[in-house]
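Quick notes on the structure that follows.
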Amino acid sequence: MNKVSITLNGEVYSAEVEARQLLVHFLRDNAKLTGTHVGCDTSSCGACTVLLDGKATKSCTVLTVQADGRNITTIEGMSSNGTLHPLQKAFNDCHGLQCGFCTPGMIMTAADLLSRNNNPDEQEIRHALEGNYCRCTGYHNIVRAVQEAAGQI
């Protein structure tokens, strides 16, 4: 077992984990943050995307021990004092979700994009979201949601 200490949504979280445990399983099983989804187990779908030191990262590609001493933001950490983050609100307002399975990963990827480019055009948004699959929406409303949130962040 390995001891890790991770700043998770602004709070320090310490635990003992197996060296082979994936970060996505740490988040869901140890920290009980189930907004990060396990979709494909092959890093193709993006449902497990979190911000690792501010950068969108597929948590199924990172061992928990690699996150020791680092900052992680999950979808649960996006809202503040019960107020939705502008991306969360825009996804709702623009109907950028249907079943919701991909939504946390989409929002985390979009948050990374908007932290680097506060006024992306449609092509830049689509390019940033290429690693995130949605089987329900057709992506048009997701792109609209990111554009709407960009004007509010």
With the chain treated as a Gaussian network of Cα nodes joined by springs under 10 Å, which of 62, 143, 38 yields the largest mean-square fluctuation?
62
Sorted from fewest to most neighbouring beta carbons within 10 Å, what does the list 14, 44, 59 look like?
14, 44, 59
Using Cβ contacts closer than 10 Å as the measure, can you line up 12, 50 from fewest to most?
12, 50
How many angstrom lie between the C-alpha centres of region 79-106 and region 138-153?
10
Need one number: % antiparallel among DSSP beta bridges in the chain, to the nearest 5.
90
Here, residue 42 and residue 11, labelled 7 Å along Cα→Cβ, have an inter-label distance in nm of 3.6
Sorted from fewest to most neighbouring beta carbons within 10 Å, what does the list 87, 8 look like?
8, 87
State which helices in the chain qualify, where a helix is a whole DSSP H run, it must extend 18 Å or more along its own axis by its Cα atoms, and its mean Kyte-Doolittle hydropathy must be at least 0.5.
103-116
Highest GNM mean-square fluctuation among 64, 34, 74, for the chain with Cα springs under 10 Å, belongs to 34
What helix-only [θ] at 222 nm does the chain give? Using -39500 (n - 2.57) per DSSP H run of at least 4, over all residues, to the nearest 500, the answer is -7500 deg cm²/dmol
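Only the coordinates and a few stated rules stand behind these numbers; no lab work does. Note that this is a predicted model, so its numbers are computed, not measured. Backbone-built Cβ (ideal geometry, glycine too); neighbour counts: all protein chains shown.
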